[in-house]
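Colleague: Handing you a structure now.
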Amino acid sequence: MIWNRKKPYLAEITSSKLLSGKYSNKEIMHYEISLGDSGIYYEPGDSLAIIPTNDHNLVLTIIDRLDVNSSIIPDGHNSSLFELLMSHYEILTPTNRLIYFINENIKHHDLNMALKSDNKNLLNEFKYGKDVLDFINLDKNFKIDLNIFLTLLKQLQHRAYSITSSYNTYPKKIHLTVSTQRWKNNLRNYNGVCSTFLADKCFKGTKIKVFLIPNRIFKLPKNQEKAVIMIGPGTGLAPFISFLQERKFLGSTGKNWLFFGAQTRINDFIYENEILNFKKNRVLQKLDLAFSRDQSKKIYVQDKMYESRAEIFQWLEDGAILYVCGDALKMAKDVENMLKLIIEKQLDCSEIKSLEYIKNLKKEKRYLLDVY
Ligand SMILES: Cc1cc2nc3c(=O)[nH]c(=O)nc-3n(C[C@H](O)[C@H](O)[C@H](O)COP(=O)(O)OP(=O)(O)OC[C@H]3O[C@@H](n4cnc5c(N)ncnc54)[C@H](O)[C@@H]3O)c2cc1C
Ligand SMILES: NC(=O)c1ccc[n+]([C@@H]2O[C@H](COP(=O)([O-])OP(=O)(O)OC[C@H]3O[C@@H](n4cnc5c(N)ncnc54)[C@H](OP(=O)(O)O)[C@@H]3O)[C@@H](O)[C@H]2O)c1
């Protein structure tokens with residue numbers, strides 16, 4: 001059976017627990033999901049797509065603001081407005097179409113300036129943290145026809161999560177590691193659609209719509225003797241737990257090196273016992289930990305890479321595969337810059353040469369990224 005966005009599998013959540021500590025700035029959750037008789041088989045590196053529903057209270061607030069009845073069936077639809085806003089439309093993140101429409105129909109100096117400017121940062125700064133409701137409320141007198149409003153929304157998207165388990169170790173089960181996205185300003189609390197759908201609406205026994213997103217590139221080597229270096233701060237750790245479970249199951253002889261980073265050891269060292277056991281059992285030959293806020297000067301995974309630059313370089317020279325997972329905006333770029341620097345230092349070469357070295361690693365599929 002093939003499950004996809006149009007035909008998702010209804011999978012049961014079998015357990016959920018908070019991984020991050022009481023005083024963490026993060027809310028990192030571990031979910032276990034049964035694949036039942038779906039026939040879904042996954043490999044380390046694959047992701048699971050989850051189709052969420054929207055926050056019930058936000059739906060009602062938007063309907064109230066539009067000053068319409070929640071049970072009406074909008075033109076061209078078969079479901080009530082309430083149903084459509086719950087399950088069909090993305091109602092948190094505004095589309096550019098909606099933003100431009102609002103700008104044309106209200107007088108808002110800052111929004112107008114941000115849209116006119118060539119400097120894209122201005123618009124990003126203006127948009128940051130604001131949702132659809134905030135944009136509608138930029139002018140309390142702004143009124144919008146319901147049918148037009150719906151055309152300015154996009155379809156509710158599924159969200160991808162790196163699978164944290166290995167199928168061989170947990171047959172017919174999938175584990176996920178999800179950072180719940182919540183933020184607030186003086187007036188409102190905001191919830192990321194899918195991560196808070198999971199955290200607040202899904203419990204043991206809840207069924208959720210899922211389908212597999214295979215990743216043909218971010219894969220363990222077929223050769224069990226190959227060494228791997230895994231760099232995964234924050235939720236970037238997720239696929240590497242799967243990698244390590246799989247390598248343990250297969251009895252791979254290739255060496256494994258993990259770089260993990262988080263804010264504090266006491267609150268944010270997720271999967272601590274499992275990782276330390278991998279180390280104790282020699283599944284993991286090397287473990288480098290960067291707890292950024294445990295000392296006055298921040299330490300990141302790339303600082304740990306620099307400390308071990310000679311050894312990393314030697315592993316790469318010996319054919320190791322380097323994997324990076326997690327934040328695309330800053331971390332992955334900084335890690336790549338560090339890799340470049342390490343190569344320059346070790347080869348005593350120019351930037352051009354080290355960039356060529358990295359290009360070659362990519363060509364040989366020995367530098368693989370899964371960043372978001
Ligand atoms: C291949 C892949 C694998 C992934 N794996 C994982 C994983 O293993 N674990 C994981 O947790 N995530 C993972 N993600 C990210 C995940 O798919 C979602 O993007 C994430 O959970 C947020 O979705 P959401 O629906 O909760 O939030 P959304 O409704 O999509 O809202 C997110 C948006 O909210 C805004 N926002 C969030 N926080 C703030 C803030 N503090 N202040 C202001 N604005 C804010 C930002 O604009 C952000 O883009 C992965 C993504 C991809 C593509
Ligand atoms: N697309 C999405 O919707 C989505 C989903 C999940 C996460 N994210 C974003 O991705 C980022 C990482 O989130 P996360 O929860 O996975 O990790 P995280 O817990 O925020 O960070 C993990 C560790 O990485 C450190 N770090 C910060 N900047 C870094 C950099 N440039 N290079 C290396 N390490 C760095 C952090 O240090 P400090 O915090 O002490 O600086 C922390 O110690 C966040 O900005 C988060 O909002 C986005």
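Colleague: Could you list the trypsin sites (Lys or Arg not before Pro) in the range 80-139 that lie in coil according to DSSP, counting only those with at most 12 other Cβ atoms within 10 Å of their Cβ? Display every interim value, and only then the final one.
Modeller: Values: sites: ARG97, LYS107, LYS116, LYS120, LYS127, LYS130; in loops: LYS107, LYS130.
Taking the range 80-139 and a limit of 12 other Cβ atoms within 10 Å, the loop trypsin sites (Lys or Arg not before Pro) found are LYS107.
Colleague: Toward the positive end of the charge dipole of the chain, about the Cα centre and with charges on Cβ (Lys, Arg +1; Asp, Glu -1), which of PHE101, SER16, GLN224 goes farthest?
Modeller: Looking along the dipole axis, the top candidate is GLN224.
Colleague: Please report, as a whole percent, how much of the solvent-accessible surface of the range 1-100 comes from carbon and sulfur atoms (probe radius 1.4 Å).
Modeller: Values: 2550 of 5150 Å².
On the range 1-100, the fraction of accessible area on carbon and sulfur atoms equals 49 percent.
Colleague: Calculate what fraction, in whole %, of the accessible area of the range 147-205 sits on carbon and sulfur atoms when a 1.4 Å probe is rolled over the protein chains. Intermediate results must be reported in sequence, preceding the final value.
Modeller: Values: 1470 of 2920 Å².
Within the range 147-205, the accessible surface is 50 percent carbon and sulfur.
Colleague: Can you give the charge dipole size of the chain about its Cα centre, rounded to the nearest 20 debye, using +1 on the beta carbon of Lys and Arg and -1 on the beta carbon of Asp and Glu?
Modeller: On the way: 53 positive and 42 negative charges, 127 e Å.
Roughly 620 debye, rounded to the nearest 20.
Colleague: Let me ask something additional. Sort 195-205, 323-333 by packing, meaning the average of other beta carbons within 10 Å per residue, with the highest value first. Provide the component values of the computation, followed by the final result.
Modeller: Details: 195-205: 16.6, 323-333: 18.5.
The peptides rank, most packed first, as 323-333, 195-205.
Colleague: Between beta-carbons, use under 14 Å as the cut-off and find the net charge around PHE142, counting Lys and Arg +1, Asp and Glu -1. Walk me through the numbers before you get to the answer.
Modeller: Values: positive: ARG65, LYS107, LYS140, LYS143; negative: ASP67, GLU104, ASP134, ASP139, ASP145.
Residues close to PHE142 contribute a combined charge of -1.
Colleague: Within 13 Å, Cβ to Cβ, of GLU90, how many net charges do the neighbouring residues add up to if Lys/Arg are +1 and Asp/Glu are -1?
Modeller: Numbers: positive: ARG97, LYS154, ARG159; negative: ASP55, ASP131.
It works out to a net charge of +1.
Colleague: Moving to a separate point now. In percent, how large is the relative contact order of the chain, given Cα pairs closer than 8 Å and 6 or more residues apart? Write down the numbers at each step before the final one.
Modeller: Values: 641 pairs, mean separation 76.0, N = 372.
RCO, the chain: 20 percent.
Colleague: Could you grab the relative contact order for the range 229-340? Cα pairs under 8 Å, six or more apart, rounded to a whole percent. Write out the running numbers ahead of the final one.
Modeller: Details: 139 pairs, mean separation 36.9, N = 112.
For the range 229-340, the relative contact order is 33 percent.
Colleague: Also, quick follow-up: For the range 218-320, which whole-number percentage of the solvent-accessible area (1.4 Å probe, protein heavy atoms only) is attributable to carbon and sulfur atoms? Let's see the in-between values first.
Modeller: On the way: 2160 of 4570 Å².
Of all accessible area on the range 218-320, carbon and sulfur atoms account for 47 percent.
Colleague: I'd like to know which of GLY45, ILE312, LEU212 lies farthest towards the positive end of the charge dipole of the chain, counting +1 on Cβ of Lys and Arg and -1 on Cβ of Asp and Glu.
Modeller: ILE312
Colleague: Let me ask you something else. I need the trypsin sites (Lys or Arg not before Pro) found in the range 1-51, filtered to DSSP loop residues with at most 14 other beta carbons within 10 Å of theirs. If you can, show how the numbers build up before the last one.
Modeller: Values: sites: ARG5, LYS6, LYS17, LYS22, LYS26; in loops: ARG5, LYS6, LYS22, LYS26.
Listed in order of number, the matching sites are ARG5, LYS6, LYS22.
Colleague: Per-residue ellipticity at 222 nm for the chain, helices alone: DSSP H runs ≥ 4 residues times -39500 (n - 2.57), over residue total, nearest 500 deg cm²/dmol? Please list the in-between numbers first.
Modeller: Numbers: 15 runs with 136 residues, N = 372.
For the chain, the value works out to -10500 deg cm²/dmol.
Colleague: Keeping all protein chains in place, calculate the accessible area per residue for the chain (probe 1.4 angstrom), answer in Å². Please list the in-between numbers first.
Modeller: Numbers: 19490 Å² over 372 residues.
With the other protein chains kept in place, the chain gives 52 Å² per residue.
Colleague: Let me ask you something else. Which far-off residues, 5 or more places away or on another chain, put their amide H under 5 Å from the one on LEU156, with H placed in the peptide plane?
Modeller: Amide H to amide H, under 5 Å and 5 or more residues apart or across chains, LEU156 pairs with TYR89, GLU90.
Colleague: Right, here's the next one. In whole angstrom, how far apart do the alpha carbon centroids of the range 285-346 and the range 185-210 sit?
Modeller: Computed from Cα coordinates, the inter-centre distance equals 33 Å.
The values are calculated or read from the model by the stated rules, or taken from the named source; none is laboratory data. All of these numbers come straight from a predicted model, not from anything done at the bench. Positions of Cβ are generated from backbone atoms using ideal geometry, with glycine treated the same way; all protein chains shown enter the neighbour counts. These accessible areas exclude ligands, DNA and RNA; they are computed on the full protein's heavy atoms, side chains included. Shrake-Rupley method; radii C 1.70, N 1.55, O 1.52, S 1.80 Å.
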